[in-house]
Each structure stands twice: as C-alpha cells, then as structure tokens.
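Colleague: The structure follows.
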C-alpha cells in the first residue's frame, strides 16, 4: 500500500512515554498549542519493561501518540521539553486512512 500524502505532507504517528500523567498532559498540550501536532492521545498508565544503566526496570508510564506531519520538529521539541535524559521518540508512517481526517492532521500540524 502506498503512503498517504496530503498535498505533499505525509502523516506520521510519533510515540513517546513519560512517567507522570501531569508531564504527559504538559507535553501533549505544548505540542498542540505549538501547532506541531494536530492531536495527541495519552494512554496509560502502561507498564514498561526496559534495560537502563545495566539493570532491568519495570515502571508505570504514560504513552503519547502524536499525529503530525512534522517529524523532525516534533522530535526536537520532545527532546528539548521532556524530563527524561533519553526520551523515546519513534515515528511511524501512516500508510492509509480516512483522507478527510489525514487532511485535517496535515492542516493542523502545518505550523
């Protein structure tokens, strides 16, 4: 399936996590207010299992799902505003979907 492009702007989902509902809300609101994202969904708490500094950790986190066309800018913004030393930022291309919704995502995250 071909990737969906709305007037040359490809939609992506970016995923990040944080350790508190308050920070998740602050990050989500900041991304939308800055017009870097059309929408951010906060999921959680989720349980994350990961290796950090040589030890396996199990921690509750909140996951943010960011809808945007601005991968580089969102990544930079999250790294700058996040409390983690190495925040997760993973970008997934949107390969299909409701064209009207994807147009809205492109319009709202156009800056």
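The values are calculated or read from the model by the stated rules, or taken from the named source; none is laboratory data. For clarity, every value in this text was computed on a predicted model and none was experimentally measured. Counting neighbours? That spans all protein chains shown, and the Cβs are built from the backbone with ideal geometry, glycine included.
Colleague: Look through 66, 74, 46 and report the one residue that is under 24 Å from residue 111 (Cβ atoms), in a strand (DSSP E or B) and either touching a residue at least 40 places away in the same chain (Cβ under 8 Å) or within 16 Å of the chain's Cα centre (by Cα) (or both).
Modeller: After applying the criteria, what remains is 66.
Colleague: Which one is modelled with the lowest pLDDT, of the residues in the stretch 1-34 that are surrounded by 15 or more Cβ atoms within 10 Å (Cβ to Cβ) and part of a loop (DSSP other than H, G, I, E, B)?
Modeller: 4
Colleague: Which residue pairs have Cβ atoms under 7 Å apart, sit 6 or more places apart or on different chains, and have a first residue in the stretch 1-16 that is closer than 11 Å to residue 37 by Cβ and a second that is surrounded by fewer than 16 Cβ atoms within 10 Å (Cβ to Cβ) and at pLDDT 95 or above?
Modeller: The qualifying pairs are 12/91; 12/92; 12/93; 13/92; 14/90; 14/91.
Colleague: Still on this structure, please answer the following. Answer yes or no: is there a residue in the stretch 73-80 that is touching a helix residue (DSSP H, G or I) at 6+ places or on another chain (Cβ under 6 Å), within 16 Å of residue 13 (Cα to Cα) and modelled with pLDDT of 95 or more.
Modeller: There is no residue in the stretch 73-80 that is touching a helix residue (DSSP H, G or I) at 6+ places or on another chain (Cβ under 6 Å), within 16 Å of residue 13 (Cα to Cα) and modelled with pLDDT of 95 or more.
Colleague: I would also like to ask the following. Any residue at all in the stretch 90-99 that's over 24 Å from residue 17 (Cβ atoms), without any contact (Cβ under 8 Å) to a residue 12 or more places away in the chain and out of contact with any helix residue (DSSP H, G or I) (no Cβ under 8 Å at 6 or more places or on another chain)?
Modeller: Looking through the stretch 90-99, at least one residue is over 24 Å from residue 17 (Cβ atoms), without any contact (Cβ under 8 Å) to a residue 12 or more places away in the chain and out of contact with any helix residue (DSSP H, G or I) (no Cβ under 8 Å at 6 or more places or on another chain).
Colleague: Test residue 85 against the criterion of being in a helix (DSSP H, G or I) and either more than 15 Å from the chain's Cα centre (by Cα) or on the phi > 0 side of the Ramachandran plot (or both), and give yes or no.
Modeller: When the stated conditions are applied, residue 85 does not pass them.
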